[in-house]
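Asker: This is the structure I want to talk about, given as structure tokens.
The values are calculated or read from the model by the stated rules, or taken from the named source; none is laboratory data. These numbers come from a predicted model, not from an experiment. Cβ placement follows ideal geometry from the backbone for every residue including glycine, while neighbour counts extend to all protein chains displayed.
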Amino acid sequence: MKLRDYLAIAILIVVAIAGRAMTSSDVGDGGSPRRPDPRQFKPSIQQPPPYVSRSDPAKLLPNESALDPRVIVEIKKKQGTSIGTAFSIDRSGIWITAHHVTSECDLLGLQKSNGKLVRVRELTQRQDADISILRTQGGSPQMNVIRPRLRIGDDGYSFGFPQGSPGDVYGKVIGRGRMLTRGRYRKDEPVVAWTQIRRIPDAGADLSGISGGPWVDAAGDVIGVHVAGSPRRGRSYSTAPRTLLTAIRQSDVRAGKDPRSNPPKETLTPRRFARYGEFLRRELTVIKVVCLVGEKWRRPARQSG
């Protein structure tokens with residue numbers, strides 16, 4: 001046989017072997033593709049944030065942590081008139097509201113049901129939290145302030161003047177966070193995050209004007225100050241209970257120590273919480289804060305802190 005005959009035979013053998021390999025491979029038209037050994041991959045499981053418990057909704061809220069999710073709030077320059085909410089912590093005329101409600105006001109007052117303003121005589125704005133303490137001549141029945149053992153899923157209620165009108169919100173605790181305030185001033189403070197479940201009246205998730213109002217538990221005890229919200233996500237944020245109690249203690253106020261001047265206790269429920277809000281506003285325990293900005297109002301209250 002000649003050399004070319006040997007070459008032809010060799011080519012035929014190679015083609016036959018290759019064809020057999022292709023029919024037994026994983027690209028054949030009759031079989032299923034081979035799957036890689038799953039043991040060579042480590043599963044990538046995205047764990048929920050440490051402050052959320054999906055399996056145990058009654059889990060205690062963890063301690064504050066530097067790893068808590070950040071909430072950035074921009075405080076813009078005020079113009080004209082703005083509205084907030086305050087609540088009484090001493091019948092002699094001591095009130096709590098949010099710092100961003102009272103900052104840059106040329107005239108600050110509390111509006112009674114007849115529309116008249118009670119001028120704020122003294123203002124203390126906390127440097128470590130979105131809290132202001134107001135003092136007026138004469139006051140209203142006070143609320144009791146406590147430090148609760150909060151749990152994920154706990155019910156809470158907030159009362160005040162969202163959008164400048166009477167309104168209330170029912171929410172549930174979903175975790176902790178850290179609120180970073182930027183703009184007119186800077187703060188970094190722990191907060192409690194709430195998801196809004198029900199609003200009365202329901203004018204949307206933007207609760208502007210309820211800032212400074214109380215967040216209370218089912219017994220009506222104050223557990224935080226309403227300080228921010230995320231309308232797009234339907235969330236609200238309150239000061240950490242420890243922060244509020246520290247602010248009160250350092251202001252030499254014995255909040256909630258006189259049961260004779262406290263509003264009556266009531267067990268609040270998701271169905272009838274708005275009735276309690278009406279009572280608090282009628283007694284002026286929860287009251288509207290009016291902040292006026294303008295040259296004609298520039299007789300500011302005496303400030304401290």
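Asker: Just checking, does the stretch 90-108 include any residue being of a type in the set (D, E) and within 16 Å of Y237 (Cα to Cα)? Please lay out each step first, then the result.
Answerer: Narrowing the stretch 90-108 to residues of a type in the set (D, E): 90, 104, 106.
Next, from what is left, pick out any that are within 16 Å of Y237 (Cα to Cα): none.
So far as the stretch 90-108 goes, no, none of its residues is of a type in the set (D, E) and within 16 Å of Y237 (Cα to Cα).
Asker: Now a separate question. Being of a type in the set (S, T, N, Q) and assigned to a helix (DSSP H, G or I) is the filter; apply it to the stretch 210-256 and report the residue that is nearest to D128 (Cα to Cα).
Answerer: Looking only at the stretch 210-256, we keep the residues that are of a type in the set (S, T, N, Q), and these are 211, 230, 236, 238-239, 243, 246, 250-251.
Add one more test, that the residue is assigned to a helix (DSSP H, G or I), and what stays is 243, 246, 250.
Working: T243: 9, T246: 10, Q250: 12 Å.
Once the filter is applied, the top-ranked residue is T243.
Asker: Something else now. So, in the stretch 112-146, exactly how many residues are surrounded by 14 or more Cβ atoms within 10 Å (Cβ to Cβ) and more than 14 Å from G84 (Cβ to Cβ)?
Answerer: Going through the stretch 112-146, the residues surrounded by 14 or more Cβ atoms within 10 Å (Cβ to Cβ) turn out to be 117-118, 120, 122-126, 129-136, 139-146.
Then keep just the ones that are more than 14 Å from G84 (Cβ to Cβ); that gives 118, 122, 124, 126, 129, 135-136, 139-146.
Within the stretch 112-146, residues that are surrounded by 14 or more Cβ atoms within 10 Å (Cβ to Cβ) and more than 14 Å from G84 (Cβ to Cβ) number 15.
Asker: Looking only at the stretch 241-251, decide whether some residue is at pLDDT 95 or above and within 19 Å of I83 (Cα to Cα).
Answerer: The answer is no, given that none of the residues of the stretch 241-251 is at pLDDT 95 or above and within 19 Å of I83 (Cα to Cα).
Asker: Sticking with this one: Looking only at the stretch 111-170, which residues are without any contact (Cβ under 8 Å) to a residue 60 or more places away in the chain, in contact with a Phe, Trp or Tyr (Cβ under 9 Å, 6 or more places away or on another chain) and in a loop (DSSP other than H, G, I, E, B)?
Answerer: T136, G139
Asker: What are the pairs, 6+ residues apart or on separate chains, where a residue within the stretch 74-86 that is hydrophobic (A, V, I, L, M, F, W, C) has its Cβ under 7 Å from a residue that is assigned to a loop (DSSP other than H, G, I, E, B)?
Answerer: Filtered contacts from the stretch 74-86: I75/R184; I75/Y185; I83/F161; I83/G209; A86/G212.
Asker: Further question on the same structure: Among the residues of the stretch 77-99, is there at least one that is at pLDDT below 90, under 18 Å from V227 (Cβ atoms) and either surrounded by fewer than 17 Cβ atoms within 10 Å (Cβ to Cβ) or not aliphatic (A, V, I, L, M) (or both)?
Answerer: So far as the stretch 77-99 goes, yes, one or more of its residues are at pLDDT below 90, under 18 Å from V227 (Cβ atoms) and either surrounded by fewer than 17 Cβ atoms within 10 Å (Cβ to Cβ) or not aliphatic (A, V, I, L, M) (or both).
Asker: Consider C291 against the criteria (1) of a type outside the set (K, R); (2) at pLDDT below 90; (3) under 26 Å from R135 (Cβ atoms): it satisfies all of them except one. Which criterion is unmet?
Answerer: (2)
Asker: Continuing with the same structure: Pairs under 8 Å by beta carbon, first residue more than 23 Å from Y185 (Cα to Cα) and polar (S, T, N, Q) in the stretch 51-72, partner part of a loop (DSSP other than H, G, I, E, B) and at pLDDT 90 or above, six or more apart or different chains?
Answerer: Filtered contacts from the stretch 51-72: S53/I152.
Asker: How many of the residues in the stretch 61-104 are assigned to a loop (DSSP other than H, G, I, E, B), within 16 Å of the chain's Cα centre (by Cα) and among the acidic types (D, E)?
Answerer: 2
Asker: Might you let me know whether the stretch 226-237 holds any residue that is surrounded by fewer than 21 Cβ atoms within 10 Å (Cβ to Cβ), modelled with pLDDT under 95 and more than 15 Å from the chain's Cα centre (by Cα)?
Answerer: no
For every residue, the table says whether it meets (1) among the hydrophobic types (A, V, I, L, M, F, W, C); (2) within 20 Å of G164 (Cβ to Cβ); (3) at pLDDT 95 or above.
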{"residue": "R186", "(1), (2), (3)": "no, no, no"}
{"residue": "V192", "(1), (2), (3)": "yes, no, yes"}
{"residue": "G204", "(1), (2), (3)": "no, yes, no"}
{"residue": "G212", "(1), (2), (3)": "no, yes, yes"}
{"residue": "G224", "(1), (2), (3)": "no, no, yes"}
{"residue": "P259", "(1), (2), (3)": "no, no, no"}
{"residue": "E266", "(1), (2), (3)": "no, no, no"}
{"residue": "E295", "(1), (2), (3)": "no, no, no"}
{"residue": "R298", "(1), (2), (3)": "no, no, no"}
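Asker: So for the stretch 210-221 (the condition being without any contact (Cβ under 8 Å) to a residue 12 or more places away in the chain and within 22 Å of K288 (Cα to Cα)), does at least one residue qualify?
Answerer: no
Asker: Is it the case that the stretch 151-165 has a residue that's buried (at least 22 other Cβ atoms within 10 Å of the Cβ), within 20 Å of T97 (Cβ to Cβ), among the hydrophobic types (A, V, I, L, M, F, W, C) and at pLDDT 95 or above?
Answerer: Our first condition is that a residue be buried (at least 22 other Cβ atoms within 10 Å of the Cβ); within the stretch 151-165, this holds for 156-162.
Right, trim to within 20 Å of T97 (Cβ to Cβ) and you get 156-162.
Filter once more, keeping what is among the hydrophobic types (A, V, I, L, M, F, W, C): 159, 161.
Checking the rest, the ones that are also at pLDDT 95 or above come to 159, 161.
Yes: one or more hits.
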